[in-house]
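So the structure is just underneath, and the comments pick up after that.
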Amino acid sequence: MWAEEDVEESVVVSVLLLVVAIVELSCVGVLWARAAHLTRVLVLGVVGVGIAYDSAIFGLGSVIGEGALLHGLSVGRFVCHALLTPVLVLWAVDRVGAGARWRRAAAVLTVLLVVWGVFGELIRLRLVPRRFADTLRYTGESASVPVAALVVTVVLLAAGVVLWRAERLRFPVIGIVLLVVASGAAVSCPPLGNVGEAIMMVALTGAEVGARGLAGRSRRV
């Protein structure tokens with residue numbers, strides 16, 4: 001097990017986090033250039049920008065240094081997660097072509113998760129500085145169960161299974177499974193959480209770009 005106080009590196013982890021942020025932003029660029037469904041592109045795009053911001057602030061923390069600026073920027077990390085992560089539920093139901101009943105349920109669930117994120121997490125948020133290897137970040141003073149993230153992960157996994165069966169797209173399921181593994185390992189090695197989110201973003205981008213390819217094949221038949 002790695003302890004945050006015990007791991008000493010040069011700048012490797014910080015650079016890795018910045019690379020992760022670039023990968024996440026690159027996914028947004030790919031979506032804008034190649035995906036056809038504008039609403040879903042916007043949903044994935046804002047999520048991609050949000051998690052890229054998270055990775056970038058984490059990676060730049062030791063450069064910015066402990067203080068009010070990094071604290072304020074770090075609050076933005078948690079706001080992005082609370083407000084943006086739940087909208088992936090809307091992407092999932094639309095991507096699998098769910099009916100009106102499921103779409104209404106997804107909209108209600110998204111609102112509930114956002115409300116939970118704001119009143120169950122953000123209002124009680126108290127940030128403290130912590131180091132891991134060469135990184136510095138502000139994170140929650142006490143650990144809490146990421147309810148919204150867990151629910152969204154279950155929804156994305158279910159959507160991935162549907163896409164696997166209907167369109168033979170395996171990478172969404174693989175990406176979400178790797179996200180779960182990385183998130184679990186992030187308890188001991190926090191940057192792995194960001195790596196897992198990047199893997200998820202790559203997987204969902206592939207699923208969205210794959211939708212365009214499937215549409216194109218359908219038109220040719």
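The values are calculated or read from the model by the stated rules, or taken from the named source; none is laboratory data. Keep in mind the model is a prediction, meaning the values are calculated, not measured. Here Cβ is always computed from backbone atoms with ideal geometry, including for glycine, and neighbour counts include all displayed protein chains. What goes into the accessible areas is simple: the full protein's heavy atoms, side chains included, and nothing from ligands, DNA or RNA. Shrake-Rupley method; radii C 1.70, N 1.55, O 1.52, S 1.80 Å.
Based on the Cβ-Cβ distance of Glu141 and Arg165, what FRET efficiency does E = 1/(1 + (r/R0)^6) give at R0 = 35 Å, to the nearest 0.05?
Efficiency at R0 = 35 Å is approximately 0.20.
Trypsin sites (Lys or Arg not before Pro), restricted to region 99-208: which are DSSP loop and have at most 15 other Cβ atoms within 10 Å?
Here the trypsin sites (Lys or Arg not before Pro) that fit, given the DSSP loop and packing criteria, are Arg124, Arg126, Arg168, Arg170.
In whole percent, how big is the carbon plus sulfur part of the accessible area of the chain, probe 1.4 Å, protein atoms only?
69 percent
Which whole-number percent gives the relative contact order of the chain, counting Cα pairs below 8 Å spaced six or more residues apart?
Relative CO of the chain lands at 28 percent.
What number, in percent, do you get for the relative contact order of region 83-136 if the mean sequence gap of Cα pairs under 8 Å and at least 6 apart is divided by its residue count?
36 percent
Can you compute 3J(HN,Hα) from phi for each residue in region 140-145, using the Karplus curve 6.51 cos²θ - 1.76 cosθ + 1.60 with θ = phi - 60°, rounded to whole Hz and x for Gly and Pro?
x, 4, 10, 6, 9, 6
For the pair Val79 and Ala158, what calculated FRET efficiency results from E = 1/(1 + (r/R0)^6), where r is the Cβ-Cβ distance and R0 = 45 Å, to the nearest 0.05?
0.95
Go ahead and run the numbers for FRET between Val11 and Leu192, Cβ-Cβ distance against an R0 of 22 Å, rounding to 0.05.
0.80
In Å², what does the accessible area per residue of the chain work out to with a 1.4 Å probe?
52 Å²
Would you grab the residues whose amide H sits under 5 Å from the one on Leu136? Only those 5+ places off in sequence or on another chain, please, with H modelled 1.01 Å from N.
Gly61, Ser62
Nearest 20 debye, what's the magnitude of the dipole of the chain about its Cα centre given +1 on Lys and Arg Cβ and -1 on Asp and Glu Cβ?
1500 debye
Could you give me the ³J(HN,Hα) list for region 65-80, computed from phi with Karplus coefficients 6.51, -1.76, 1.60 and θ = phi - 60°, whole Hz, x at Gly and Pro?
Result, ordered by residue: x, 5, x, 5, 5, 5, 4, x, 5, 6, 4, x, 4, 6, 5, 4 Hz.
Give me the angle, in degrees from 0 to 90, between the Cα long axis of helix 171-185 and the longest principal axis of the Cα atoms of the chain, rounded to the nearest 10.
The angle comes out at about 20 degrees.
Which value in deg cm²/dmol, rounded to the nearest 500, describes the helix-derived mean residue ellipticity at 222 nm for the chain, given -39,500 (n - 2.57) per DSSP H run of n ≥ 4 and division by the residue count?
My calculation for the chain gives -24500 deg cm²/dmol from helical runs alone.
Using a 1.4 Å probe and ignoring any ligands, DNA or RNA, find the accessible area of Phe171 and quote it in Å² to the nearest 10.
About 90 Å², ignoring ligands and nucleic acids.
Tabulate in residue order the Karplus-calculated ³J(HN,Hα) for region 115-132, using 6.51 cos²θ - 1.76 cosθ + 1.60 with θ = phi - 60°, rounded to whole Hz; enter x for Gly and Pro.
4, 4, x, 6, 8, x, 10, 5, 4, 8, 5, 10, 9, 10, x, 9, 10, 9
Local charge sum around Ala148 (other residues, Cβ-Cβ under 15 Å, Lys/Arg +1, Asp/Glu -1)?
-1
Remind me, relative contact order of region 56-120 in percent, using alpha carbon pairs under 8 angstrom and six or more residues apart?
32 percent
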